[in-house]
Every structure is written in C-alpha cells, then in structure tokens.
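Take a look at the structure set out below.
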Amino acid sequence: MKVFKELYQYREFLYTNVKKDIRGKYKASFLGVLWSFINPLLQVVVYAIVFPYIMRVQTPNYLVFLICGIIPWTWFTSSLMNGTTSITNNANLIKKVYFPREILPISVVTSGMVNFFISCIIILIFALFGGTGISWHIVFVPIVAIIQYLVQLGFAFILSAINVYVKDVEYMVNFLLNLIFYATPILYTADMFAGSKFAWIFKINPMAYIVDSYRRIFYAHLMPNFKQLGVLFICSIILLVIGYSIFKKLERRFAEEV
C-alpha cells in the first residue's frame, strides 16, 4: 500500500511527466503530435504493399486487419524502448531530487496509453471506410488495453532497472523487439502456423493474444476470448509484482550508477 500512497502524494509530478512525454516527443518537429498518426500510417502503407502483393497474403480487408495490429504494437515498442531508458535518461533529476523512481517507467507506459487511445481513431477510420464497419464490441477495448498496460509496465520496471547497471540492455531490447515483431501475428494470421513446429511461439507471446483481442473487436466484431485474457491478466499481475520487486531492489544504487 505504501507505493500507492507515494504515487498519490506525487500525483502532480506523475501528471507532469506524462504530459511532458506526450508533448515533448515531437516538440521540435514541424508536424508535432501528428507524427503519432503518421508513423503507424507509413508502416501500414509499406506492409500493405509488400505482403498482399509480394508475399501473396490473402486476407479480406487487409488494411483494417493490419492497422489493428500495428497500433497496439507501436504502443508496445514505445513502452519497452522508452521504458528501458526512463531511468538513465533522467540521471540528473534522480541525483538532485527525491521522488518515487517508479514514476518514470509508469509515466512512459501511461503516456503511451494516451497516444494509443488517440491512435485508435485511425483504426476506427480504417474500419469505417475499409469495409468492416464499427460494432458495439469496441466497449471491450479498455479491458484489453489495461491488460496490455500491465504487461508493458512489468517489463518496463525490469528493463529500466537492469539498464542502469548494464547499459547494453537498451540495444538488446531494440534487437529483440524486431524479432518479436515477426513472431507476433501482425502481418499475417496465426492460423498460417497452426499445427506447425512454430505454433508454441504464439502461446508464450503475450502480444499474440493482445493483437488477436483487438482484431476480434475491430475487425471481426466479436467479443475477445476472455478465457485467454483472464490467464493473461493473471500472468500480467505476476509479471508486474516480480518486475516491481526487481525494480525496488535495484533502485537503491540508481543515483550512484546513472
């Protein structure tokens, strides 16, 4: 309960950090926050050309199918990459001022969630004009987003703490995310590998379940698989507890090591 009490006491600092992360990311650019929309759209354009025509992927309303995976993945990658460096990038602040250090990775993941919900407008536009339409199932989006938030925060706690002591972690994360991207059914359907020796990869990949849930909501107009989400929710809580424990244990020497 102490952590919640401290976070409440420093809620203004947390709010300021989240606001800074959202506004500061593209502060120096001409288009500013519009890049939050442009980046995933550019990715969609590239993949929409390459996979249907060059790789011969045959999926109805492929643009909608694709955007339902790209937007959540963008949030996932930004949370892990920025979360990993959230402590080291704020070295001066950590050395000068006391505040709950966990606010830094929490701010990164939270600002990413705000950007994600804004970017969901893109999914809705593609769904409206891409042939699939919109259904009442979008009410389940926040549930899936909360589970994704917990998963990412657990990883962010672990990676940000270890990166203080092992600076190579941020480079390893970038490489691993590139691998995980192709191990997540974003560009293709998981059914393509059903029964193959690679099927186990999807079973241990939390983003496979999360992307599938968003697709069921936006693309197929179905309810998420709550049995899978329930298991993932329990796993995310365990990951969060473990991640926070590691973070607090390594936190003691942050000021000396950053």
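The values are calculated or read from the model by the stated rules, or taken from the named source; none is laboratory data. Here the structure is a predicted model, which is why all the values come from computation and not from measurement. Neighbour counts run over all protein chains shown; Cβ positions are idealised from the backbone, glycine included. The accessibility values were calculated without ligands, DNA or RNA, using every heavy atom of the protein model including side chains. Shrake-Rupley method; radii C 1.70, N 1.55, O 1.52, S 1.80 Å.
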Subtracting the Cα-Cα distance of Ser135 and Cys235 from 0.36 nm times their residue separation yields 33.1 nm
Longest principal axis of the chain (C-alpha) makes with the long axis of helix 206-218 (C-alpha) an angle, in degrees to the nearest 10, of 50 degrees
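So, for the chain, what is the accessible surface per residue at a probe of 1.4 Å, expressed in square angstrom? Provide the component values of the computation, followed by the final result.
Working: 13860 Å² over 258 residues.
For the chain, the per-residue accessible area is 54 Å².
Could you sort the peptides 43-50, 71-78 by per-residue average Cβ neighbour count (10 Å cutoff), highest mean leading?
Numbers: 43-50: 14.9, 71-78: 22.5.
Top to bottom by mean Cβ count within 10 Å: 71-78, 43-50.
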Sorting Leu42, Leu250, Leu153 by the position of each Cα along the dipole of the chain (Lys, Arg +1; Asp, Glu -1; all at Cβ), the one nearest the positive end of that ordering is Leu250
Whole-Hz Karplus couplings 3J(HN,Hα) for the range 225-232, θ = phi - 60° and coefficients 6.51, -1.76, 1.60, Gly and Pro as x, run 6, 5, 5, 5, 5, x, 5, 5
The range 153-258 -> Rg/Rh from Cα coords, Kirkwood Rh, value 1.06
Relative to the chain, whose Cα atoms define the longest principal axis, helix 62-84 and its Cα axis are tilted in degrees, nearest 10, by 10 degrees
Distribution output for the chain: share of Cα-Cα pairs per 10 Å bin in percent, first bin at 0, values 7, 28, 35, 22, 8, 1
With only helices counted (DSSP H, runs n ≥ 4, each -39500 (n - 2.57)), the per-residue ellipticity at 222 nm for the chain, to the nearest 500, works out to -23000 deg cm²/dmol
Excluding ligands, DNA and RNA, the carbon-plus-sulfur percentage of the accessible area of the range 2-257 with a 1.4 Å probe reads 68 percent
Taking a ≥ b ≥ c as the square roots of the eigenvalues of the Cα gyration tensor, with a/c under 1.5 meaning rounded and otherwise prolate when a/b exceeds b/c and oblate if not, the range 191-232 is oblate
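Contact order normalised by length for the range 2-257, with contacts defined as Cα pairs under 8 Å and 6 or more residues apart; what percent is it? Walk me through the intermediate numbers first.
Numbers: 279 pairs, mean separation 66.3, N = 256.
Reported as a whole number, the value is 26 percent.
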Highest GNM mean-square fluctuation among Thr184, Thr84, Thr132, for the chain with Cα springs under 10 Å, belongs to Thr132
Net charge near Ile186 (other residues with Cβ under 15 Å of its Cβ; Lys, Arg +1; Asp, Glu -1) is 0
